[in-house]
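Some notes on the structure that comes next.
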Amino acid sequence: MRKAWIVATVAVGSALSFVMLLVIGVYIVAGNLVNGAGGGTKALAKGAVPAAYQRLVQKWGNLCPAINPALLAAQLYQESGFNPNAKSAAAAQGIAQFIPGTWATHGIDGDGDGDRDVWDPNDAIPSAASYDCKLASYVKDVPGNLTENMLASYNAGAYAVIKYGGVPPYSETKNYVKTITTLEESFAAPVNRVDPSKQAAGAIYYAQKKLGTPYLWGGEGTPEQGGRFDCSGLTQAAYDSVGITLPRVANDQYNAGPHPARDELLPGDLVFFSDDLTNSRAIRHVGIYVGGGYMIDAPRTGAVIRFDPIDTPDYFGATRVTEDGAKALPTTV
């Protein structure tokens with residue numbers, strides 16, 4: 001639910017024509033940018049890592065050449081969603097989800113306070129980076145990409161990587177490597193303009209057909225709910241209509257792709273809002289950007305799906321949804 005900073009006064013009839021022009025325009029922009037360079041850097045995207053852990057991830061993510069802060073952040077998000085109290089059925093513990101045997105061997109005293117506490121991110125995050133680098137040292141002479149071989153070692157063991165001369169032919173291991181390297185892009189601050197989403201126009205087209213629909217907390221647009229939505233239910237349904245499955249909640253949708261700057265937004269980008277501009281896990285609202293500083297969103301109880309401005313004090317940032325990025329997101333974090 002989002003605070004009503006400003007009520008948009010756009011007539012629905014003219015608004016529909018406006019959006020249709022944008023739907024056409026996004027294809028033109030996509031064509032113009034399709035050959036543009038993309039990429040990432042070791043710098044973390046704005047607020048992608050909770051402020052309490054950002055310094056740790058930035059520091060320890062540069063421990064060795066096989067890792068970087070965005071990659072380390074992707075691993076922590078995949079493992080626990082940055083939850084220092086996470087537990088798994090397999091007895092994995094803490095923000096980095098170490099099992100007791102691995103922690104006993106590879107846990108380090110990251111903060112120098114005299115103990116190694118798997119529940120303390122000040123120990124667990126440095127230990128995750130140290131473990132990654134140790135695995136990388138085991139496979140440093142194996143052909144192929146060192147980072148991918150390190151990740152494969154994390155999943156299948158260094159022996160398997162050495163045996164097969166690279167990422168072993170296990171579907172689980174290959175999927176893990178792809179998942180983490182894809183998620184890495186959503187935690188890195190882009191260094192160049194990111195490529196437009198091919199599905200953006202279709203997502204806008206879906207959302208604009210819902211203009212005027214009353215808001216419903218928890219709404220996913222089902223017949224039982226009268227076709228009503230909340231904010232993330234609308235964005236989820238819009239991208240589902242073009243074959244991309246997003247998580248249900250807004251703060252996980254933020255990790256579905258790279259993050260364009262405000263002056264690089266394109267129609268179809270998801271735009272996010274939060275009371276804590278340092279932490280993507282605190283995001284509480286999302287809309288679909290349509291251009292001209294406006295989005296389509298389902299704002300709050302008592303309102304309808306409508307156009308709203310995005311340039312408000314709680315604007316957090318944006319995500320350019322990609323199919324691979326959405327597929328890489330864990331189902332639960």
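Computed from the coordinates by the stated procedures, all read-outs in this text should not be read as laboratory data. From a predicted model like this one, the values you see are computed outputs, not experimental measurements. Cβ atoms come from the backbone with ideal geometry, glycine included; neighbour counts cover every protein chain shown.
Overview of results
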| read-out | value |
| --- | --- |
| Residue in the range 140-149 that is in contact (Cβ under 8 Å) with a residue 60 or more places away in the chain, in contact with an Asp or Glu (Cβ under 8 Å, 6 or more places away or on another chain) and not in a loop (DSSP other than H, G, I, E, B) present | no |
| Residue check, residue 209 without any contact (Cβ under 8 Å) to a residue 24 or more places away in the chain, surrounded by fewer than 22 Cβ atoms within 10 Å (Cβ to Cβ) and closer than 30 Å to residue 300 by Cβ | yes |
| Any hit, the range 162-181, residues being acidic (Asp, Glu) and touching a Gly at 6+ places or on another chain (Cβ under 8 Å) | no |
| Test: residue in the range 220-232 that is within 18 Å of the chain's Cα centre (by Cα), within 20 Å of residue 321 (Cα to Cα) and touching a residue at least 24 places away in the same chain (Cβ under 8 Å) | yes |
| Pick from the range 296-318, criterion in a strand (DSSP E or B) and in contact with a Pro (Cβ under 9 Å, 6 or more places away or on another chain), ranking: nearest to residue 265 (Cα to Cα) | 318 |
| Single match in 303, 298, 318 (criterion: out of contact with any Lys or Arg (no Cβ under 6 Å at 6 or more places or on another chain), closer than 24 Å to residue 71 by Cβ and touching a residue at least 40 places away in the same chain (Cβ under 8 Å)) | 318 |
| Members of the range 278-295 found to be among the β-branched types (Val, Ile, Thr) and assigned to a loop (DSSP other than H, G, I, E, B), listed by number | 278, 283 |
